[in-house]
Amino acid sequence: MSELLQLKDEASKELSNAEDLRALDDIRVKYLGKKGLITSQMSKIGSLPPEEKKEFGQLVNSVKQDVEAAIESKKAELEIAEINQRLKTETLDVTLPIRPQAKGSIHPISKVMDEISAILSGLRFEQHDGPNIEDDYHNFDALNIPENHPARQMHDTFYMPEQDGKKRVLRTHTSPVQIRAMQGKTPPFRIFSMGRTYRSDSDQTHTPMFHQVEALFVDKNVNFGHLKWTVNEFVKQFFEEEKEMRFRPSYFPFTEPSAEVDIGWKDGKWLEIMGCGMVNPKVLENVGVDPNEYSGFAFGAGIERMAMLKYNIPDLRQFFESDMRWLQHYGF
Ligand code: DAH
């Protein structure tokens with residue numbers, strides 16, 4: 001408990017020294033992020049003897065709330081300071097002529113989505129769309145992620161107000177489009193989907209909004225060999241060269257078996273680029289497809305990550321900061 005109070009003191013000291021919003025965000029991640037110092041104290045509660053649980057739990061919660069509140073108020077303070085500073089230093093000369101080269105460019109995310117769309121269409125996958133505001137049936141249940149399943153917690157979901165008794169979320173992945181494409185229809189299915197996805201997570205390698213691509217193939221006698229060939233072809237066409245690949249056993253509730261795909265990068269390094277697997281028979285059952293007659297594979301990848309790898313873009317957050325210099329440099 002004294003460790004906790006010490007954490008709180010340290011956090012408030014660091015907060016009072018924070019000079020800008022970036023620094024403030026670093027402090028938030030350090031204490032309250034997924035692996036943050038206070039967050040990891042919370043996970044200790046479970047392992048405490050019952051008589052200590054209550055007191056410790058209450059203290060952790062109140063420390064967490066205090067630090068959250070302190071961050072919020074510091075944030076408001078810094079935002080105002082930043083605006084005042086900009087008002088002082090930025091002048092706007094409305095008599096300047098327009099910029100001679102104020103031409104638009106294609107954002108790297110759009111560019112990569114166009115490339116992927118061309119590759120998957122070439123492999124005769126058909127593009128499908130789904131809503132960004134999903135219900136929890138399509139986002140979770142139908143994909144074999146029941147309520148209280150730990151995989152739900154892995155998804156840092158943004159919850160929306162219920163509508164017509166339906167729980168709604170901002171979709172945490174593009175996999176629900178698999179369900180929408182199959183429901184009430186008969187195989188074969190050979191579809192892909194691309195678009196925005198959302199998770200309540202923000203640090204150097206996560207933005208609350210990001211993009212994914214998802215592919216699904218269901219027919220008679222589809223096997224893991226088909227999956228491997230397709231992924232290999234997809235990766236080869238995307239990077240415009242043959243890449244070394246390895247399939248690492250993994251777990252997703254909607255595939256069985258599941259794997260993560262790594263590609264051989266520079267200096268003998270392996271980089272993870274997607275999740276995949278054979279469609280779990282339970283998912284087929286959920287959409288009324290007989291798993292004894294049909295089988296399939298699916299894969300899903302993050303667009304930002306693919307863009308960063310292909311076009312040597314170092315920082316994820318800049319994708320969405322609308323900085324003209326960045327757009328001119330990385331745009332197409
Ligand atoms: N939906 C998964 C995620 O967001 C990614 C994924 C993994 C998609 C395996 C798939 C798959 O289609 O088969 O983490």
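Hey, can you find the accessible area per residue of segment 268-332 for me, probe 1.4 Å, expressed in square angstrom?
Per-residue value: 48 Å².
Can you list, bin by bin at 5 Å, the percent of alpha carbon pairs in segment 158-227, starting at 0?
Spelled out per bin, shortest first, that is 3, 14, 18, 17, 18, 13, 10, 6, 1.
Can you pull the Rg over Rh of segment 54-134, Cα-only, Kirkwood? Before the final figure, lay out the partial values.
Values: Rg = 24.8 Å, Rh = 19.6 Å.
Expressed as Rg/Rh, it is 1.27.
With a 1.4 Å probe and all protein chains kept in place, how do Trp265, Trp229, Trp270, Trp326 rank by accessible area, largest first?
Descending order: Trp229, Trp270, Trp265, Trp326.
For segment 2-89, what is one quarter of the convex hull surface built on the Cα atoms, given in nm²? Mind showing how you got there, number by number?
Details: hull surface 23.0 nm².
So the Cα hull casts an average projection of 5.7 nm².
For the chain, with a Gaussian network of springs between Cα atoms less than 10 Å apart, report the residue from Thr95, Thr205, Thr157 with the top mean-square fluctuation.
Comparing Thr95, Thr205, Thr157 in the GNM, the peak value goes to Thr95.
Excluding the sites themselves, what is the longest stretch of the chain that contains no GluC sites (Glu not before Pro) in a DSSP loop with at most 15 other C-beta atoms within 10 Å?
By the stated rule (loop sites, at most 15 other Cβ atoms within 10 Å), 148-239.
For the chain, what is the convex hull volume of the alpha-carbon atoms per residue, in Å³?
Value for the chain: 206 Å³ per residue.
Along the positive direction of the dipole of the chain (beta-carbon charges: Lys, Arg +1; Asp, Glu -1; about the Cα centre), which of Leu7, Val112, Val169 reaches farthest?
It is Val112.
Let a ≥ b ≥ c be the square roots of the eigenvalues of the Cα gyration tensor of segment 244-327; is it rounded (a/c under 1.5), or, if not, prolate (a/b larger than b/c) or oblate?
oblate
Sorted by accessible area (1.4 Å probe), largest first, how do Leu59, Leu96 line up?
The ranking, largest first, comes out as Leu96, Leu59.
Pulled fully out, how much extra length does the chain show between Glu126 and Lys54, if you take 0.36 nm times their separation in residues and subtract their Cα-Cα distance?
Computed gain between Glu126 and Lys54 is 20.5 nm.
Mind scanning Lys35/Lys282; Lys13/Lys88; Lys64/Lys88 and naming the pairs with a C-alpha gap bigger than 31 Å?
Lys35/Lys282; Lys64/Lys88
Choose one answer from Ala18, Ala259, Ala181: the residue with the largest mean-square fluctuation in a GNM of the chain with alpha-carbon springs under 10 Å.
Result: Ala18 has the largest fluctuation of those listed.
Rounding to the nearest 20 debye, state how big the charge dipole of the chain is about its Cα centre with +1 on each Lys and Arg Cβ and -1 on each Asp and Glu Cβ.
Dipole about the Cα centre, nearest 20: 480 debye.
Which angle from 0 to 90°, rounded to the nearest 10, does the C-alpha axis of helix 2-17 make with the longest principal axis of the chain?
Once rounded, the angle reads 80 degrees.
Excluding residues fewer than 8 places away in the same chain, name every one of the lysines whose C-alpha is closer than 23 Å to that of Lys103.
Within reach: Lys111.
Which residue, Thr186, Thr91, Thr255, has the most motion in a Gaussian network model of the chain that connects Cα atoms within less than 10 Å?
Thr91
Mind checking the angle between helix 224-239 and the chain's longest principal axis? C-alpha axes, 0 to 90 degrees, to the nearest 10.
60 degrees
In whole Å and largest first, what semi-axes does the C-alpha gyration tensor of segment 129-245 yield when each eigenvalue is scaled by 5 and square-rooted?
27, 20, 12
Which entries of Lys266/Lys310; Lys54/Lys167; Lys74/Lys167; Lys30/Lys269; Lys30/Lys167; Lys236/Lys266 show an alpha-carbon separation above 22 angstrom in the structure shown?
In this structure, Lys54/Lys167; Lys74/Lys167; Lys30/Lys269; Lys30/Lys167 exceed 22 Å between Cα atoms.
Assuming a ≥ b ≥ c are the square roots of the Cα gyration tensor eigenvalues, decide whether segment 178-261 counts as rounded (a/c under 1.5), prolate (otherwise, with a/b larger than b/c) or oblate.
Oblate, because a/c is 1.5 or more while a/b does not exceed b/c.
Given 5 Å bins starting at zero, what is the percent of C-alpha pairs of segment 96-157 in each, up to the one with the largest pair distance?
Cα pair-distance distribution for segment 96-157, in percent: 4, 12, 13, 11, 12, 16, 13, 7, 5, 4, 3, 2.
The values are calculated or read from the model by the stated rules, or taken from the named source; none is laboratory data. Values in this document were obtained by computation on a predicted structure and should not be read as measured data. Don't worry about glycine lacking a Cβ; one is built from the backbone with ideal geometry, like all the others, and counts go over all protein chains shown. Just so you know, the surface numbers come from the protein's heavy atoms only, side chains and all, with ligands and any DNA or RNA stripped out. Shrake-Rupley method; radii C 1.70, N 1.55, O 1.52, S 1.80 Å.
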